[in-house]
1. Condition first: touching a helix residue (DSSP H, G or I) at 6+ places or on another chain (Cβ under 6 Å), surrounded by 15 or more Cβ atoms within 10 Å (Cβ to Cβ) and in a strand (DSSP E or B). Can you find one or more residues in segment 106-124 that meet it?
2. Can you name every residue in segment 170-183 that is of a type in the set (A, V, I, L, M, F, W, C) and under 18 Å from Gly106 (Cβ atoms)?
3. Regarding Ala127, is this residue among the hydrophobic types (A, V, I, L, M, F, W, C) and crowded, with 23+ Cβ neighbours inside 10 Å?
4. Within segment 87-98, track down each residue that is within 16 Å of the ligand (Cβ to nearest atom) and open to solvent by less than 10 Å² (accessible area, probe 1.4 Å).
5. So if I check each of Leu221, Leu207, which one is within 11 Å of the ligand (Cβ to nearest atom) and assigned by TED's automatic domain parsing to the domain that holds Leu135?
6. Checking His56 against (1) farther than 20 Å from Ser205 by Cβ; (2) open to solvent by less than 30 Å² (accessible area, probe 1.4 Å); (3) within 16 Å of the ligand (Cβ to nearest atom), which test does it fail?
7. From the list Ala353, Ala376, exactly one residue is touching a residue at least 12 places away in the same chain (Cβ under 8 Å) and under 24 Å from Val70 (Cα atoms). Which is it?
Amino acid sequence: MTPVNPFQYRDGVLHCEQVDLTEIARRAGTPCYVYSRAGILERFRAYDEGLSEVPHLVCYAVKANSNLAVLALLAQAGAGFDIVSGGELYRVRQAGAPASRVVFSGVGKTAEEIEYALAEGIHSFNAESEEELHLIDALAARRGVKARVALRINPDIPAETHPYIATGTREHKFGLDAAQAPAIWQRAQRLKNLSLEGLSCHIGSQLLDPAPILAAADVMLELVRSIRQAGYPVRTLDLGGGLGVAYRPGESTPDIAQFAAQLARKVAGADLFLIVEPGRSIVAEAGVLLTRVLYRKRTDSKEFVVVDAAMNDLIRPALYQSHHEIWPVHLSARPEILADVVGPVCETGDYLARDRRLANVLPGDLLAVATAGAYAFVAASNYNSRLRPPEVLVEGDRWRIVRARESYEDLIRGETI
Ligand code: LLP
């Protein structure tokens, strides 16, 4: 079942769950990110229930949206977490989640980060090189513990997505060559302070076709068999994240629960603990970036709608030429316009939409930039010394600010003359 869009019009006004977005803009100011608690939970549960056939853990990819309140609600729902830095581990722990549900991915873990993760007692490391295995082993020895490790494999499966977020073929920096994995496993077996638990992979993000992920699962299961044949136990299989969301209206996306059930069916009977690491598909559609129109501006060739959100708040259009729908908060009967929606930052790359059919909005009107629950605030910066916007979490007919708008003092914290 396709999860419902938590953003709906009521009497011509856009709401998040039961809350009028005008009300949030008035009290929290703009720009501002708004997330739906129900929207996030519904998508998380679609994974969790879809995988129910097999022992599993849905490790939400913290990088997609790492607000403490978001992490806390997922932790309470039983989620695990996929982290890629010490900072993400700190957030997960501050949100009250147990370290035992954390997997640590990433191609460049530092000694400090590994030590921190060992001290906290995370579930496992997804190791990406033999050098990393040796470092984890040495640090675990120093601490007198055994580190649980999975080998991250590069299954060499191309996936159709933006080239910056494809990760699963040989030309990418990620993972270990599948062909070498059995030999690496054998050598790693001798490292006394490691406990080799299993295998992991992640072939890319924003995949609208789940076929490559399912194909990667087949490659991984084959590898599990050959390592087991060599006499080694393989207990866990982590198939990463990557499921895409509809950024454009009508774009067809895989149903989360069905996709999860397909994965579970593949793994069923293989006596494996299944881990997945979805990020975007849990939070993207549950969030918007609320922004106010500052000016309308027309040149000979173009119409511009200048808004108070910019590329520093949502870098995806500038970085990946990605499309985000832009909804007027108030529906109007006036005919649409064709315009670029741009922010105040001093770069031509600072746009949220180009040549877009859009509501005929006027200065002071509110717009909601859709599908901004993932990879939006987390990638926001203070470029142009702009203050990062607040984040709001809606629950039914209530809402609260879960991260305050930054102040000028925040901007210079830690700096000296
Ligand atoms: N696991 C690993 C090891 C990853 O590298 C990623 C994402 C995920 C899980 C979660 O993937 P998801 O389910 O969210 O697709 N900033 C980009 C996306 C970068 C994704 C990086 N890795 C964007 O805005 O599109």
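1. Checked against the condition, which is being touching a helix residue (DSSP H, G or I) at 6+ places or on another chain (Cβ under 6 Å), surrounded by 15 or more Cβ atoms within 10 Å (Cβ to Cβ) and in a strand (DSSP E or B), segment 106-124 yields no hits at all.
2. Phe174, Leu176, listed by residue number.
3. Spelling it out, Ala127 is indeed among the hydrophobic types (A, V, I, L, M, F, W, C) and crowded, with 23+ Cβ neighbours inside 10 Å.
4. Within segment 87-98, Leu89, Val92 qualify.
5. Leu207
6. (2)
7. One residue alone meets the criteria, Ala376.
Conditions (1) within 30 Å of Glu42 (Cβ to Cβ); (2) over 21 Å from the mean Cα position of the chain (by Cα); (3) in the same structural domain as Lys297 (by TED's automatic domain parsing); (4) open to solvent by less than 30 Å² (accessible area, probe 1.4 Å), marked per residue:
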position: Asp313; (1), (2), (3), (4): yes, no, yes, yes
position: Ile337; (1), (2), (3), (4): no, yes, yes, yes
position: Pro344; (1), (2), (3), (4): no, yes, yes, no
position: Val369; (1), (2), (3), (4): yes, no, yes, yes
position: Ala372; (1), (2), (3), (4): yes, no, yes, yes
position: Tyr375; (1), (2), (3), (4): yes, no, yes, no
position: Ser381; (1), (2), (3), (4): no, no, yes, no
position: Val402; (1), (2), (3), (4): yes, no, yes, no
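The values are calculated or read from the model by the stated rules, or taken from the named source; none is laboratory data. Every value quoted in this text rests on a predicted model; they were computed, and no experiment measured them. Glycine also receives a Cβ, built like all others from the backbone with ideal geometry; neighbour counts cover every protein chain displayed. Heavy atoms of the whole protein, side chains included, go into the accessibility calculation; ligands, DNA and RNA do not. Shrake-Rupley method; radii C 1.70, N 1.55, O 1.52, S 1.80 Å.
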